[in-house]
Amino acid sequence: MDRGTVGSANRGRLQVEVRTEGCSEVVTPVGELDHHTADLLREPLEHAVEQGRVRLVVDCSGLEFCDSTGLNVLLGARLKAEAAGGGVHLAGMLPVVARVFEITGAEAVFTVHDSLEAALDT
């Protein structure tokens, strides 16, 4: 393996889309969220809060993997959003990602919805 391309190859494993839906900022990560790709999610979440968009809905339906670094990104966004009077809602987690939240107990500190539609309806 060529170690010189690991970072750039890993960064391509996560795509993040951001859009505004009513009073929510919908952030949709697709791919693998890990220590190589975490900043690709951290930056739009922080930017949203800085812009006053403090109701963050993370559509996890395309998230295939999440490690502890990814979990920390979401926990950090939750703290910032709550400090600004908002919160983070997680929607549509695949079982492999939901398991990480279950094992760590993080599911207890997030509002988790079965679908994006359900998250936007609350």
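The values are calculated or read from the model by the stated rules, or taken from the named source; none is laboratory data. Here the structure is a predicted model, which means the values were calculated and not measured. Backbone-built Cβ (ideal geometry, glycine too); neighbour counts: all protein chains shown. Surface accessibility is based on the protein's heavy atoms, side chains included, excluding ligands, DNA and RNA. Shrake-Rupley method; radii C 1.70, N 1.55, O 1.52, S 1.80 Å.
Answer yes if at least one residue in segment 21-29 is under 22 Å from Gly92 (Cβ atoms), among the hydroxyl-bearing types (Ser, Thr, Tyr), open to solvent by less than 50 Å² (accessible area, probe 1.4 Å) and at pLDDT 95 or above, and no otherwise. Yes: segment 21-29 contains one or more residues that are under 22 Å from Gly92 (Cβ atoms), among the hydroxyl-bearing types (Ser, Thr, Tyr), open to solvent by less than 50 Å² (accessible area, probe 1.4 Å) and at pLDDT 95 or above.
Restrict the check to segment 62-75 and report whether at least one residue is under 15 Å from Arg13 (Cβ atoms) and among the aromatic types (Phe, Trp, Tyr). Yes, there is a match, as at least one residue in segment 62-75 is under 15 Å from Arg13 (Cβ atoms) and among the aromatic types (Phe, Trp, Tyr).
Within segment 49-60, the set of residues being in contact with a helix residue (DSSP H, G or I) (Cβ under 8 Å, 6 or more places away or on another chain) and open to solvent by 60 Å² or more (accessible area, probe 1.4 Å) is empty.
Among residues of segment 34-58 that are in contact (Cβ under 8 Å) with a residue 60 or more places away in the chain, none has a Cβ under 8 angstrom from a residue that is in a loop (DSSP other than H, G, I, E, B) at a sequence gap of 6+ or on a separate chain. Please work out which residue is nearest to Val16 (Cα to Cα), limiting yourself to segment 83-92 and to residues that are in contact (Cβ under 8 Å) with a residue 12 or more places away in the chain and more than 10 Å from the chain's Cα centre (by Cα). Taking the candidates together, the pick is Gly92. Of all the residues in segment 35-46, those that are in contact with a strand residue (DSSP E or B) (Cβ under 8 Å, 6 or more places away or on another chain) and open to solvent by 10 Å² or more (accessible area, probe 1.4 Å) number 2.
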